[in-house]
Amino acid sequence: MSSRYRARSFWHDTCPGSLEPRPALDGDVEVDVAIVGGGFTGLWTAYYLLSIDPSIRVMVIERDIVGFGASGRNGGWCVGELAAGPERHEAVAGNDAARRFLHALHGAVGEVGRVAEREGIDCHYAKGGAVHLARNRAHLTRQREHVELFHNAYGLSDSDMRMLSAAEASAHLAATKVAGGMFFAHTAALHPARLVRGLGDAVERLGGLIVEDTAATAIESGRVVTNRGVVKADVAVRALEGYTATLEGNRRSLAPLYSLMVATEPLDDALWADIGLSHRQTFTDDRFMVIYGQRTADGRIAFGGRGALYSFGSGIVSSVEQRSRTHERIVKTLVDLLPMLSDVAITHRWGGVLGVPRDWFPSVGFDRESGMAWGGGYVGEGVAPANLAGRTIAELITETDSPRIDLPWVGHRSRRWAPEPLRWLGINGVLASMGIADRTEAITGRQSRLAGTVQRLLS
């Protein structure tokens, strides 16, 4: 493995095959569709374009290597939901559209597994569901309200989402302070770097071209400008997620926020018998400052969380990814959840940026007049939604009729983030309020409205 790419994440470190970059763009070229970004959104778009019409000339342009960004660094949760829930979608497009969108997200989880199997991508896919622990009364109240809303307003049943007693939740995961929980069936654990790298190979088998070590500096109607030449294209797709801010004119489109992770050494069978997660369920709790974990196929716990401060000017600071005080807080949180891990070694620390729109509402779309398409803004939940996004973008471009092309996120435009220093003050103010709300709920057991209030003010 090249020293340039060593230890980017646990997932990269345990991904088979070379991480050396493919050849870079060598001068000007002309294609039908140029896709900027070699992560899940860009590669799923390419995959479905070529599946619909193998004659389309598709080029994926990647600054580093396929899966370098969030697609190769995330928690490995393939989950059928978004931060902007169906109540937000209903406000935009009505109840029927919100229901269809929710079920399309659920379906994307299975679609990822089906494509991985069809293309021979060994991404350790295990659809064990997600257990959401309630570790105080406020968590439990919020979960009950959530399940009631999804059952009554959006037609879900206990087979999709259900409440758990304290004993049932603890049987999934033997964590501390468990008051109950919620189980969400439409979730799979997987190895994200294996998936994204395998998807890149599948795109090439279908006839797509991927150029790496090639930085796009501007996306314009009819062309993508890079540091190695100009790519002329009838359609240009922006699929940069958290790295959107690096593109000319997009510094205020999506805010790059860090989510950081750690991985333990492999745990022995006796310790796993104490912990649980026998079906590789993913796990979290109901705090505002999100945490997430999974049991990896090789018997580790990969665990992460938010909380790293937003960098002024939408900066991406690579030193934050490898070692920071936030990593120490994440380890402390993991041991608080599972004290039996107190003496277990942490072998990997890493992180990556996720793309956050101002209203937390992701978007896909295609403007046929300008030839510009886009997808992103998943707020850290993009593994399954990116599949749905790429499939939808491909159908929009090829004018393929489907039940996806009029879902509520199609054509959605979020307001741009405020200029600095307001953006820095606002985003970090929200992060601080979430931390305060979590501490208040842990002490009082009563629901805090502070974090939600500040988020609504920003949106």
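The values are calculated or read from the model by the stated rules, or taken from the named source; none is laboratory data. Everything quoted here is computed from the prediction, not taken from an experiment. Here Cβ is always computed from backbone atoms with ideal geometry, including for glycine, and neighbour counts include all displayed protein chains.
Observations on the model:
- Filtered residue count, the range 181-230, keeping only those that are under 30 Å from GLN143 (Cα atoms) and surrounded by fewer than 22 Cβ atoms within 10 Å (Cβ to Cβ): 2
- Matching residues, the range 411-441, being outside any loop (DSSP other than H, G, I, E, B), farther than 11 Å from TYR310 by Cβ, in contact (Cβ under 8 Å) with a residue 40 or more places away in the chain and of a type in the set (A, V, I, L, M, F, W, C): MET434, ALA437
- Residue within the range 351-358 that is assigned to a loop (DSSP other than H, G, I, E, B) and either under 22 Å from ALA189 (Cβ atoms) or in contact with a helix residue (DSSP H, G or I) (Cβ under 9 Å, 6 or more places away or on another chain) (or both) present: yes
- Total residues in the range 49-88 satisfying the condition of being closer than 18 Å to ALA108 by Cα, crowded, with 21+ Cβ neighbours inside 10 Å and more than 19 Å from the chain's Cα centre (by Cα): the figure is 1.
- Enumeration of residues in the range 329-344 that are surrounded by 13 or more Cβ atoms within 10 Å (Cβ to Cβ) and without any contact (Cβ under 8 Å) to a residue 60 or more places away in the chain: ARG329, THR333, VAL335
- The range 336-369, residues that are touching a Gly at 6+ places or on another chain (Cβ under 6 Å), hydrophobic (A, V, I, L, M, F, W, C) and under 19 Å from ILE291 (Cα atoms): VAL353, LEU354
- Qualifying residues in the range 111-140 (those that are in contact with a Gly (Cβ under 9 Å, 6 or more places away or on another chain) and part of a helix (DSSP H, G or I)) - the one surrounded by the most Cβ atoms within 10 Å (Cβ to Cβ): HIS139
- Residue selection: VAL317 fails the criterion of being at pLDDT 95 or above and surrounded by fewer than 20 Cβ atoms within 10 Å (Cβ to Cβ).
- One residue alone among ASP213, ASP201, ASP158 is part of a loop (DSSP other than H, G, I, E, B) and in the same structural domain as LEU50 (by TED's automatic domain parsing), and that residue is ASP213.
- Total residues in the range 307-335, condition out of contact with any helix residue (DSSP H, G or I) (no Cβ under 6 Å at 6 or more places or on another chain), in a helix (DSSP H, G or I) and more than 15 Å from VAL290 (Cα to Cα): 7
- Enumeration of residues in the range 94-110 that are closer than 19 Å to TYR47 by Cα and either part of a loop (DSSP other than H, G, I, E, B) or touching a Cys at 6+ places or on another chain (Cβ under 9 Å) (or both): ALA108, VAL109
- Test: residue in the range 381-393 that is among the small types (Gly, Ala, Ser), under 22 Å from the mean Cα position of the chain (by Cα), in a loop (DSSP other than H, G, I, E, B) and crowded, with 23+ Cβ neighbours inside 10 Å: yes
- Number of the condition not met by SER9 [criteria: (1) among the hydroxyl-bearing types (Ser, Thr, Tyr); (2) in contact with a strand residue (DSSP E or B) (Cβ under 8 Å, 6 or more places away or on another chain); (3) farther than 30 Å from MET261 by Cα]: (3)
- Pairs, first in contact (Cβ under 8 Å) with a residue 24 or more places away in the chain in the range 145-163, second surrounded by fewer than 17 Cβ atoms within 10 Å (Cβ to Cβ) and assigned to a helix (DSSP H, G or I), C-beta under 8 Å, six or more apart: LEU149/GLU87; ALA153/GLU87; ALA153/ASN95; TYR154/ASN95; MET161/HIS151
- The one condition in (1) more than 18 Å from ARG251 (Cα to Cα); (2) surrounded by 21 or more Cβ atoms within 10 Å (Cβ to Cβ) that TYR378 fails to fulfil: (1)
- Residue pairs whose Cβ atoms lie under 7 Å apart, sitting 6 or more positions apart in sequence or on different chains, and linking a residue in the range 240-255 that is part of a helix (DSSP H, G or I) to a partner that is surrounded by fewer than 22 Cβ atoms within 10 Å (Cβ to Cβ) and charged (D, E, K, R), are ALA245/ARG251.
Residue-wise test of (1) in a helix (DSSP H, G or I); (2) touching a helix residue (DSSP H, G or I) at 6+ places or on another chain (Cβ under 9 Å).
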site: SER18; (1), (2): no, no
site: PRO21; (1), (2): no, no
site: GLY38; (1), (2): no, yes
site: TRP44; (1), (2): yes, yes
site: PRO54; (1), (2): no, no
site: ASP64; (1), (2): no, no
site: GLU81; (1), (2): no, yes
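- No other residue among GLY207, GLY181 is closer than 30 Å to ALA34 by Cα, touching a residue at least 40 places away in the same chain (Cβ under 8 Å) and either out of contact with any Cys (no Cβ under 6 Å at 6 or more places or on another chain) or in the same structural domain as PRO86 (by TED's automatic domain parsing) (or both) apart from GLY207.
- Residues of the range 23-36 that are over 21 Å from ALA193 (Cα atoms) and assigned to a strand (DSSP E or B): VAL29, GLU30, VAL31, ASP32, VAL33, ALA34.
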